[in-house]
Every structure is written in C-alpha cells, then in structure tokens.
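Trainee: The following block contains the structure, expressed as structure tokens.
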Amino acid sequence: MAKKVRKKELGKGIRALLSNIDSEVKEDPQKVVQELASSVALIRLDKIEVNPYQPRKDFDQVALEELVASLKIHGLIQPITVRRLNEHSYQLISGERRWRASQLAGLTEVPAYVRIANDQEMLEMALVENIQRQELNPFEVAVTYQRLIDECDLTHEALAVRVGKNRSVVSNYIRFLKLPPVMQEALKKRQISFSHARELAGIEDPSFQIALFKNIVQNDLSVKATVDLIKAHSDTSIKPAPKTTSLPDEYRAVEDNLRSYLGAKVALKYKGKGKGQIVIPFGSVNDLNRLLELIEED
C-alpha cells in the first residue's frame, strides 16, 4: 500500500508559517511565497470552498468513482492548490475533481499547496527556481510543471521556455500524472526512472501496462529491455491482414469485359467457392446515370 501524506512529512515550518502568515507576508512576501511553493500543508476539507468562478461544472462520474476507489487505498498523492482567504478558510484554485473525490472517499483533510493573494509573478519565479535548484524526483517535477500550467496560465510551449527544456520533455513529464497511483508512487520513490515512466505512459493496454510495471520493479529491467518487451507486445497485438484470394483467369476476363463495356474501372472481387462481388465506381451523377443506362439496355 502506498504511503499517505502524514503531518510529519510537511515542509519544515509550514504550520508555523500559516499561523503567522499575515505578519510574515508584510515582512517578506517573496520569502513566504518561496516557502509555500515548495511546501505541502494538510488542510481540513471543511475549510476549503469551491471557487465560484471555476468554469468546470461537469465531472465524469465513472472517472470520479475510480478516483474515489484509488484514494481509499493510496490517499491523495497529488496535492490540490488553494488560496488562503483567512485563518479559517481557503478557496480552491485547482484540483476540484480530487477535492470532490476526497470528500466522497471520506477523507477529512488533504495535502495542499497554499497560495496568498496577488502572488502570481512571485509564484512563477519560485516554482521555476525550485525546479532548477532542488533535487526533485520526476513525479515532483511533473506536479510542479502542472502547477505552472494551471496556476500561472502557461502553455506547454511557454512552460518549456521558462524551464529551459524541449516541449516534448515537458509533455512527457505531464503524462506521468495520468499514470496509475502505484506507478506515480514508484516514480516518486525513484523505484522506476524517468525513461521507464515515459515508456509506461505510452502504453494504452492497462493490463499490459501494470504487468510490465511489476516486471520492471521485480526484475530491475533496463530501459532497453522494457522497450523490447513493449515492441514484442505491439507486434503480437497487430492483427494479420486478411488473406486475399487471387482472381482466377476466367474471372479476370469477365472484369476486363465489364471495364471495356462500361468504360469504368470495374473491380471484380473473388472470395472463393464461387462467391465475390462487383464494384463499379462513378465520378458524378451524370456518370452514374450513364452506367445505369448501359446496365439496363437489353
């Protein structure tokens, strides 16, 4: 079972910072933003309200129920983001689906990144600095990239420029957030590498994805071995092309005669055992009428 976020895992001094945040912000807002950007606080769900201007209103019920089931086992791995309104309340910025699922799963508190008012530019600088300076694991990098996209309204291209990476690299990191929780946890603990996660994220077959993941962890598979297994699975998954029966000479002669008579590229398809079909293409309504007249002639 994946380990849930505990209070002792919170960023150093985060609880003290939140309790004295008003005076701290007045003294050094940039320092506060920097610490909040890299710290996770446990916030009670009943202290968090939904942003009334959140454009998203509908949530896929099946996906929501799947997330609820996952939260009951693993807890919330990817923190939500909230804005502090006052000492006793917060407003949701991003992660409403996770917030709703957490309520349905019976959680009382969730890990959250806390933001303060008017910190947009400072937040972006702090998050980029965290990526550049701290030794983050691939999952933490993915979460930070997604925060920059969601909270700072950046496209993948703009984010790539900010962090000095190719767009494809940024996109690969973002895809990690769609991996099953058990794989995200393994990536977080560095049980699998960035390259392993990239290959796993590209697999569409869920059963093969989880089987391969277990193989990687249990047998310490190299990335090359992983790629070879994916290729082998892909090759066996490709359905062989249906066998085509060659057109016997007598049928070929019929096809040629029809083409000559109708003035069209008639195709005679033979399926064997005396069965088949005739395909007569036409290029316009006039062409169709011409063909019909020829067919209807005695």
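Trainee: Testing the spin-label approximation: label points 7 Å from Cα along Cα→Cβ at Y251 and H233. State their distance in nm.
Mentor: According to this spin-label approximation, the distance is 4.0 nm.
Trainee: Then there is this: Specify which residue in the list P180, I216, A126 is farthest towards the positive end of the charge dipole of region 123-222, using unit charges on the beta carbon of Lys, Arg (+1) and Asp, Glu (-1), about the Cα centre.
Mentor: I216
Trainee: Between E121 and A69, what FRET efficiency comes out of the Förster formula 1/(1 + (r/R0)^6) with R0 = 30 Å and r the beta carbon distance, rounded to 0.05? Intermediate values should be presented prior to the final figure.
Mentor: On the way: r = 39 Å, r/R0 = 1.31.
My answer for the efficiency is 0.15.
Trainee: Let me check I've understood the local charge: for Y90, count other residues with C-beta under 12 angstrom from its C-beta, Lys and Arg +1, Asp and Glu -1. What total comes out? Intermediate results must be reported in sequence, preceding the final value.
Mentor: Working: positive: R44, K47, R83, R84, R115; negative: D46, E49, E87, E109.
Spelling it out: positives minus negatives among the neighbours equals +1.
Trainee: Moving to a separate point now. With bins 5 Å wide starting at 0, give me the P(r) of region 123-222 over every alpha carbon pair, in whole percents.
Mentor: P(r) over region 123-222, rounded to whole percents: 2, 13, 25, 22, 16, 11, 7, 3, 0.
Trainee: Hey, which aspartates and glutamates would be in cross-link range of K269, C-alpha to C-alpha under 17 Å, not counting anything within fewer than 8 residues on its own chain?
Mentor: Excluding near neighbours in sequence, the set is D249, E250, E255, D256.
Trainee: Same structure, new question: By how many nm would the segment from E87 to D153 grow when fully extended, if each residue of separation counts as 0.36 nm and the alpha-carbon distance is taken off?
Mentor: 21.1 nm
Trainee: Give, in nm to one decimal, the length gained when the segment between V223 and V285 is fully stretched (0.36 nm per residue of separation minus the Cα-Cα distance). Don't skip to the answer; put the middle values down first.
Mentor: Details: separation 62, 0.36 × 62 = 22.32 nm, distance 5.79 nm.
Stretched fully, the V223-V285 segment lengthens by 16.5 nm.
Trainee: May I ask you to compute the full-extension gain from L294 to E135, defined as 0.36 nm times their residue separation minus their alpha-carbon distance, rounded to one decimal in nm? Let's see the in-between values first.
Mentor: Values: separation 159, 0.36 × 159 = 57.24 nm, distance 7.84 nm.
Result for the pair: 49.4 nm of gain on full extension.
Trainee: In nanometres, what is the gap between the two model label sites at I278 and K178, each 7 Å from Cα along Cα-to-Cβ?
Mentor: 4.9
All of the numbers you see were taken from the coordinates with simple rules; none came from a lab. Please read all numbers here as calculations on a predicted model, not as lab measurements. Glycine gets a Cβ as well: all are built from the backbone with ideal geometry, and neighbour counts include every protein chain shown.
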